[in-house]
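Beneath this line is the structure, given in structure tokens, with notes to follow.
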Amino acid sequence: MSKFKYEMSDDEAILAFKKQFTAPGLGVAILSDKGKSFKLGAPMMTVNVDFNNGICETKASLIGKTLLGTVDTKIEMIEGFKKI
């Protein structure tokens, strides 16, 4: 479980997040998009990402923890996001 802060609106942060994770060749798929909540990975191997008022939080299922480091690194690489 990791937390990131960002100094932009939630909508701008979500757009930057989607651009990062829909680029070809990244290997982590967006399984569901519920506005401010996303599920990434593969069935039974998921990472949940939630956006809320300047904070982005990641959580993983038991097997999804193998992808959590990759997702956290990709989020940290987005301009304007900083791990806290």
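The values are calculated or read from the model by the stated rules, or taken from the named source; none is laboratory data. A quick note: this is a predicted structure, and the numbers were derived from the prediction, not measured. Note that each Cβ is placed from the backbone with ideal geometry, even for glycine, and that neighbours are counted across all protein chains shown. Side chains included, ligands, DNA and RNA excluded: accessible areas come from the protein's heavy atoms. Shrake-Rupley method; radii C 1.70, N 1.55, O 1.52, S 1.80 Å.
What dipole magnitude, in Debye to the nearest 20, does the chain give about its Cα centre under +1 on Lys/Arg Cβ and -1 on Asp/Glu Cβ?
The dipole of the chain has a size of about 260 debye.
Suppose each label sits 7 Å from its Cα in the direction of the beta carbon; what would the Met8-Ile30 distance come out to in nanometres?
Those two pseudo-labels are separated by 1.3 nm.
For Cα Rg over 2.2 N^0.38 Å, the listed values are (1) 1.24; (2) 0.97; (3) 1.10; which was obtained by calculation from the structure presented?
Checking each listed value against the structure points to (2).
Name the longest site-free stretch of the chain, where the excluded sites are GluC sites (Glu not before Pro) in a DSSP loop with no more than 10 other beta-carbon atoms within 10 Å.
Here the longest segment lacking exposed loop sites spans 8-78.
Checking the cross-link filter: which aspartates and glutamates have an alpha carbon closer than 12 Å to that of Lys3, excluding same-chain neighbours under 8 positions apart?
Correct list for Lys3: Asp50, Glu57, Asp72, Glu76.
For region 9-84, which trypsin sites (Lys or Arg not before Pro) are both in a DSSP coil and crowded by at most 14 other Cβ atoms within 10 Å?
Lys34
On the protein heavy atoms, probe 1.4 angstrom, tell me the percent of accessible surface of region 2-51 carried by carbon and sulfur.
Whole-percent figure for carbon plus sulfur exposure: 55.
Any idea of Thr46's accessible area? Nearest 10 Å², probe 1.4 Å.
Only protein atoms counted, so the area is about 20 Å².
Taking Cα pairs under 8 Å and at least six residues apart, what relative contact order does the chain come out at, in percent?
That works out to 37 percent.
Can you give me the accessible area per residue for the chain, using a 1.4 Å probe, in Å²?
Ligands and nucleic acids excluded, the result is 60 Å² per residue.
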